[in-house]
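J.: Shown below is the structure under consideration.
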Amino acid sequence: MHSINNTELSSLEETRCQFNGGRCTIKLGIDVHQDFYVVAEQVGGTNPKPPQRFQKQAFLHWAAKLKQSGAEVYAVYEACGFGFSLQRQLSALGINCYVVCPQKLDERNKRVKTDGLDAKALCLKLDRFVQGNRDALAIARVPTEKEERSRAIHRHRQQLVGARKRLEAQGRSLMVNHGLEPVQNWWKPRTFAVLPVPQWMRELLANSQPILVALQQKIAALTVQLQSAAAPNQPRGLGKMTSVVIDREIGNWHRFNNRRQIASYTGLCPGEYSSGNTRLQSCVTKHGNPRLRAALVELAWRLVRFQPNYKPVRKWRQILAKGALATGAARKKAIVAVARQLAVDLWRVRTGRCKPEVLGLVS
């Protein structure tokens, strides 16, 4: 009896799809790079075909022809620094495209990584997902173009602040290295005019001083722009800038169905490693949005001062109060707990589930 090999099975599957009026499914695992894509294709339930390398426009043309053939086409790629433009382009062609969280694709731990192997692994995960296993892919939410434009403003401001801090620290380091007392905000025009440093050092610092002044002007302009977009009548201590940053990093508060989802997204939940009768909880997972997490922790410290009747603040007051006899580690754990509950309460307020006054947040 003649046995059918994998190649013949693939041909039979493709033929069956063609005779069924093109109703088969095609899965595409895509490894994304700046100049090209590496794609593994799986037709129906067959083994994935050898990976192919495409230039960007050539891939879109090829994907469009697959969709025009009448097949149901699915695609997946890992979230990366190239954004979501590929997902939007494929969705415009009628292809079901998913973006997943970056992950280790070498499940067998062979310590071999290539673009082709990554594309094939993504393709196989996508096949399980399409068959109904919703845990096969860790799907990332694709923001709208409007949401991306909005959050790009405060992210750009954050980058400018980082650049200013680096240049300012370089100037102070130069003073310290030559035995001088460092001067805070040495680059500001009035301070720089009377800066007590030798002439040769002043000439070196003058290379960075105009850049720092220009950076500060840009930061101030972006700060005004962001604060003007904040909603009026914010609870005391929330802050216009912080409010805008949190809202824009979340994007859409209604996408969370319960408090566990929003708490998990912040990455402020404790990690856990349990087996059998052993249960071990570790530090926070840091699984979610790092910018959101930083804004929530900063806001939590502010509420300790401005919202003393806020329920989580009352709960942890003995540890967080000024002058409290508590270790640094205990204070960090307490403020993380306040920030986690604050995210849940902001979700309740933004989605209309309750009023700020009910939570103890006064204006």
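J.: Pick out, from 235, 200, 213, the residue whose Cα sits farthest towards the positive end of the charge dipole of the range 159-238, with +1 on the Cβ of Lys and Arg and -1 on the Cβ of Asp and Glu.
T.: The residue sitting farthest along the positive end of the dipole is 235.
J.: Between residue 324 and residue 107, what length in nm is gained on full extension when 0.36 nm per residue of separation is reduced by their alpha carbon distance?
T.: Length difference between fully extended and current span is 73.3 nm.
J.: Taking the Cα centre of the chain as origin and charging only Cβ (+1 Lys, Arg; -1 Asp, Glu), how large is the dipole, in debye to the nearest 20?
T.: It works out to roughly 1780 debye.
J.: Still on this structure, I have one more. What are the DSSP H helices in the chain that stretch 27 Å or more along their long axis, judged by alpha-carbon atoms, and whose average Kyte-Doolittle hydropathy comes to at least 1.0?
T.: none
J.: Once you've got the Cα coordinates, tell me which of 218/322; 240/311; 165/240 are over 25 Å apart.
T.: Beyond 25 Å: 218/322.
J.: Now, a different point. Only loop residues by DSSP count here, and only those with at most 16 other Cβ atoms within 10 Å; note down the chymotrypsin sites (Phe, Trp or Tyr not before Pro) in the range 82-179 that meet that.
T.: 82
J.: Right, another one. Rg and Dmax in Å for the chain, alpha carbons only: what are they?
T.: Just the Cα atoms of the chain yield Rg and Dmax of 27.2, 96 Å.
J.: Assuming a strict under-19 Å limit between Cα atoms, what lysine pair count do you get for the range 22-136 once near-sequence pairs (fewer than 8 apart, same chain) are dropped?
T.: For the range 22-136, qualifying lysine pairs total 20.
J.: Additional query: Assign unit charges at the C-beta atoms only (+1 for Lys and Arg, -1 for Asp and Glu), then state the dipole size of the range 75-141 relative to its Cα centre in Debye, rounded to the nearest 20.
T.: Using only the charged Cβ atoms, the result is roughly 120 debye.
J.: Long-range amide H contacts for residue 100: which residues qualify at under 5 Å (H placed 1.01 Å from N, peptide plane, sequence gap of 5 or more or a different chain)?
T.: Close amide H contacts, sequence-distant or interchain: 77, 78, 79, 140.
J.: When Lys and Arg each count +1 and Asp and Glu each count -1, what net charge do the other residues less than 10 Å away from residue 95, Cβ to Cβ, add up to?
T.: Charge balance in the 10 Å sphere: 0.
J.: Could you give the length gained on full extension between residue 149 and residue 54, defined as 0.36 nm per residue of separation minus the Cα-Cα distance, in nm?
T.: 31.3 nm
J.: If you rank 223, 266 by how much accessible surface each has, with a 1.4 Å probe, what is the order from largest down?
T.: 223, 266
J.: Another question, if that's okay. Normalising by the residue count of the chain, find the relative contact order in percent from Cα pairs under 8 Å and 6+ residues apart.
T.: 10 percent
J.: For residue 282 and residue 224 in one chain, what is 0.36 nm times their gap in residues minus the Cα-Cα distance, to one decimal in nm?
T.: 16.9 nm
J.: For 273, 265, 77, give me the order by solvent-accessible area with a 1.4 Å probe, most accessible first, ignoring ligands, DNA and RNA.
T.: Order by accessible area, largest first: 273, 265, 77.
J.: Now for a different question. Pull up all non-local amide H partners of residue 26: gap of 5 or more, or a different chain, and H-to-H distance under 5 Å with H placed in the peptide plane.
T.: 44, 72, 73, 74
J.: Taking the highest mean first, how do the peptides 111-121, 319-329 order by number of other beta carbon atoms within 10 angstrom per residue?
T.: Output ranking for 111-121, 319-329: 111-121, 319-329.
J.: Taking all protein chains as present, what is the carbon and sulfur share of the accessible area of the chain, in % to the nearest whole number, probe 1.4 Å?
T.: Carbon-and-sulfur percentage of accessible area, whole number: 52.
J.: Another question about this same structure. If I ignore ligands, DNA and RNA and count only protein heavy atoms, how much of residue 283 is accessible to a 1.4 Å probe, in Å² to the nearest 10?
T.: About 100 Å², rounded to the nearest 10.
J.: Then there is this: Among 250, 58, 325, pick out the residue whose Cα is farthest towards the positive end of the charge dipole of the chain, where Lys and Arg carry +1 and Asp and Glu carry -1 on C-beta, about the Cα centre.
T.: Checked the options; the winner is 325.
J.: Could you tell me which residue out of 112, 171, 82 lies farthest along the dipole of the range 59-184 toward its positive end? Charges go on the beta carbon: Lys and Arg +1, Asp and Glu -1, centred on the Cα centre.
T.: Going by the Cα projections, it comes out as 171.
J.: Right, another one. Determine the dipole magnitude for the range 132-174: charges of +1 sit on the beta-carbon of Lys and Arg, -1 on that of Asp and Glu, nothing else is charged, the reference point is the Cα centre, and the result goes in debye to the nearest 20.
T.: Here the size comes out at about 260 debye.
J.: Distance from the Cα centre of the range 35-99 to that of the range 163-218, in angstrom?
T.: Going from one Cα centre to the other spans 51 Å.
The values are calculated or read from the model by the stated rules, or taken from the named source; none is laboratory data. Values in this document were obtained by computation on a predicted structure and should not be read as measured data. No Cβ is skipped: glycine too gets one built from the backbone with ideal geometry, and neighbour counts run over all protein chains shown. Heads up: the accessible areas ignore ligands, DNA and RNA and are worked out on the full protein's heavy atoms, side chains in. Shrake-Rupley method; radii C 1.70, N 1.55, O 1.52, S 1.80 Å.
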